[in-house]
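Take a look at the structure below.
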Amino acid sequence: MDIVEKRIKMSGVDALSLLGINDSNLQIISDRFDANIIVRGDSILIKGEEGETNRVEKVFKELMYVLNRTGVLKTDDVITVIELVSGESEKQESGDSKDIVVLSAKNDLIKPKTPGQRQLVRAVQKNDVVFAVGPAGTGKTYLAVAMAVAALRNREVQKIVLTRPAVEAGESLGFLPGDLKEKVIPYLRPLYDALDDMLPQDKLKLYVEKNIIEIAPLAYMRGRTLGNSFVILDEAQNASSMQMKMFLTRLGVNSKAIVTGDITQIDLPQKSLSGLVEIQKVLKNVQGVSFVYLEKIDVVRHKLVKDIIDAYEKYNNWDGKD
């Protein structure tokens, strides 16, 4: 068995907050892992078997990340990170994909909670273009945004681009108050809400101001090439065939795209073909493209949402006989 040593600098964090009062957090970690952990000044020295040493290093780095983001570290946070790092290791050893996506600004670890969501994460890890199709409440948009933030944080990409079609569903844009930007903000609000749940407000504002995170209507994508970017097209059932082709051909080098939508909630005029419906036939045999279909069992909103979806399905399939 090879013994290795690793050193972690506690730069940018308060050592007392990280290690805990009377080294309580340090003790929890030492009790869980079979590695020797020694604190020397502003450094943490880890010595032990390579796999175990790597796990301890990851625990400390994740805890430092949480502490930097939130300014506080609770015992529950330490235990949660230990369990997730240990669980991730077991899955990797068994050949399964890791489930941790991104750490929330509110101390919550965002990870897939259902079989369909886990399939979505694995598909994004393996493919450059992924379509997530499913009903409301299955976490398609939220999980897609979380994976984009994770990629930006890990420096896998340099930019996040989030876009939606601004389809006039019962209200004309021309009659809404304000300029064009103000008129389309309501369409983009779910994307802002997801980001606000994952990034501190000051960092999110900075990213938007520096155009590191861009949120714009789908029409704004025309004529562009999006390199080194994580691109998300949300509510894609309301993109026309031409818009879908335009969006997919924007991808540049080192970019990923997730397209989300619910084909039961199309707001396009009846004569218009949804690009999300058509694309399932167009790209079904293209390598590097994956389609993930989420179901009612993947709904993670209020428990009544599943019942509501069931009720609508029964109503739409009803033949008039009791």
Residue count, segment 210-241 (criterion: touching a Ser or Thr at 6+ places or on another chain (Cβ under 9 Å) and assigned to a strand (DSSP E or B)):
11
Just one of E52, E62 is surrounded by 15 or more Cβ atoms within 10 Å (Cβ to Cβ), closer than 23 Å to D197 by Cα and modelled with pLDDT under 90; which is it?
E62
Residue by residue through segment 118-170, note down the ones that are under 22 Å from K58 (Cα atoms) and among the β-branched types (V, I, T).
V121, V149, V157
Mind listing whichever residues of segment 247-272 are more than 19 Å from K140 (Cβ to Cβ) and in contact with a Lys or Arg (Cβ under 6 Å, 6 or more places away or on another chain)?
R250
Those residues of segment 242-279 which are open to solvent by 40 Å² or more (accessible area, probe 1.4 Å) and in a helix (DSSP H, G or I) amount to M242, Q243, K245, V277, E278
Residue, most open to solvent (accessible area, probe 1.4 Å), within segment 19-37, restricted to residues that are under 12 Å from V81 (Cα atoms) and among the β-branched types (V, I, T)
I28
Over segment 38-49, the set of residues modelled with pLDDT of 90 or more, closer than 18 Å to S86 by Cα and open to solvent by 20 Å² or more (accessible area, probe 1.4 Å) is K47
In segment 8-18, how many are open to solvent by less than 50 Å² (accessible area, probe 1.4 Å) and not small (G, A, S)?
4
Under 8 Å between Cβ atoms, which residue pairs at least 6 apart in sequence (or on different chains) link something in segment 14-33 that is under 12 Å from F60 (Cα atoms) with a partner that is among the basic types (K, R) and assigned to a loop (DSSP other than H, G, I, E, B)?
none
Wholly enclosed helices (runs of 4 or more DSSP H) of segment 73-178 bearing at least 2 residues modelled with pLDDT under 85 and either among the basic types (K, R) or buried (at least 21 other Cβ atoms within 10 Å of the Cβ) (or both)
75-93
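The values are calculated or read from the model by the stated rules, or taken from the named source; none is laboratory data. Note that the structure is a prediction, hence the values are computed from the model and not measured. Methodologically, a virtual Cβ is constructed for each residue, glycine included, from the backbone with ideal geometry; neighbour enumeration extends over all protein chains shown. Areas reflect the complete protein model, heavy atoms only, side chains present, ligands, DNA and RNA absent. Shrake-Rupley method; radii C 1.70, N 1.55, O 1.52, S 1.80 Å.
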